[in-house]
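Structure first, commentary second.
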Amino acid sequence: MFTVEQRDALRDRLLGLAEQDERVVAGAAVGSLALGGGDRYSDLDLTFAVSGAVEEVLDDWTRTLVRELDAVQLADLVHGPTTYRVFLLPDALQFDLSMTQAAHFRAAGPRFRLLFGETAGDPTLPTPPSAHDVFGWGVIYALHSRTCIERGRLWQAEHYIGAVRDRALSLACLREGLIAVQARAYDDLSAETIARFEGSHVEALEPDALRAPLAVSVRALLHEGRAAQLSHLDVVEERLAELH
């Protein structure tokens, strides 16, 4: 397991690399460490504005990280004008590097701390997910769960039951004013809310052992749909009657 000192040393090395690269015109810390949060297990997230082609700068930096720091490139994600590249370094230290052309460089969320240079404008904060859509996908996954159980597709059913539970938990986060993506705030939900999900985990890959947690998850989903005052809740509840 990496140490805080290793993480800090990597941060300093990356900022030094940015200072030496004239194509890099701004940089910021993002993620859990950006505003003084995080803990000794937090990974490192840095984002940079570049004046040239993002892919060219990113590939040059990748070669440096692989050659000098024994980094392994894990995955890429392109979101709008930003390209994200995730690396695994020795001692299981994860480093998330993102780059954006300077004309589009700005905060994409609240956890953003400018380290040098300038942003291109006001933050573009993400729009919270729609309760209507989150609930709708929960219903779809509940129907898929039933079908998979009846077909004997038990591993697939287990996956979809977890997806129903996840959508119900996401709705609960929206209701309690918490972050509703990537399970980030599930542990911060109230004890009363969490109690509703008791029995929602699959304990065995058998039809009856799958139906029970599906029923718990569907009931939790319907409860959150009612709390969100969804207009079609009564109709959906009636049509899912055999599942809960």
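The values are calculated or read from the model by the stated rules, or taken from the named source; none is laboratory data. Quick caveat: nothing in here was measured; it's all calculated off a predicted structure. Because the Cβ atoms are built from the backbone with ideal geometry, glycine has one as well, and the counts that use them run over all protein chains shown. To get the accessible areas, we keep the full protein, side chains included, count just its heavy atoms, and leave off ligands, DNA and RNA. Shrake-Rupley method; radii C 1.70, N 1.55, O 1.52, S 1.80 Å.
Values for this structure:
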read-out: Residues that are buried (at least 22 other Cβ atoms within 10 Å of the Cβ) and closer than 17 Å to residue 219 by Cα, drawn from the stretch 159-192; value: 160, 161, 164, 165, 167, 168, 169, 170, 171, 172, 173
read-out: Test: residue 217 is in a helix (DSSP H, G or I), over 28 Å from residue 32 (Cβ atoms) and either aliphatic (A, V, I, L, M) or at pLDDT 95 or above (or both); value: yes
read-out: Enumeration of residues in the stretch 168-193 that are more than 18 Å from residue 134 (Cα to Cα) and of a type in the set (Val, Ile, Thr); value: none
read-out: All positions within the stretch 70-90 that are over 15 Å from the mean Cα position of the chain (by Cα) and either of a type in the set (Val, Ile, Thr) or modelled with pLDDT under 95 (or both); value: 72, 80, 81, 82, 83
read-out: Counted residues, the stretch 222-244 - those being touching a residue at least 12 places away in the same chain (Cβ under 8 Å), outside any helix (DSSP H, G or I) and open to solvent by 60 Å² or more (accessible area, probe 1.4 Å); value: 1
read-out: Members of the stretch 12-38 found to be in contact with a strand residue (DSSP E or B) (Cβ under 6 Å, 6 or more places away or on another chain) and not hydrophobic (A, V, I, L, M, F, W, C), listed by number; value: 23, 27, 31
read-out: Meets criteria (open to solvent by less than 70 Å² (accessible area, probe 1.4 Å), part of a helix (DSSP H, G or I), in contact with a helix residue (DSSP H, G or I) (Cβ under 8 Å, 6 or more places away or on another chain) and among the hydrophobic types (A, V, I, L, M, F, W, C)) for residue 17; value: yes
read-out: Test: residue in the stretch 202-221 that is touching a residue at least 60 places away in the same chain (Cβ under 8 Å), more than 17 Å from residue 163 (Cα to Cα) and in contact with a Leu (Cβ under 9 Å, 6 or more places away or on another chain); value: no
read-out: Those residues of the stretch 1-14 which are of a type in the set (A, V, I, L, M, F, W, C) and open to solvent by less than 70 Å² (accessible area, probe 1.4 Å), in sequence order; value: 2, 4, 9, 10, 14
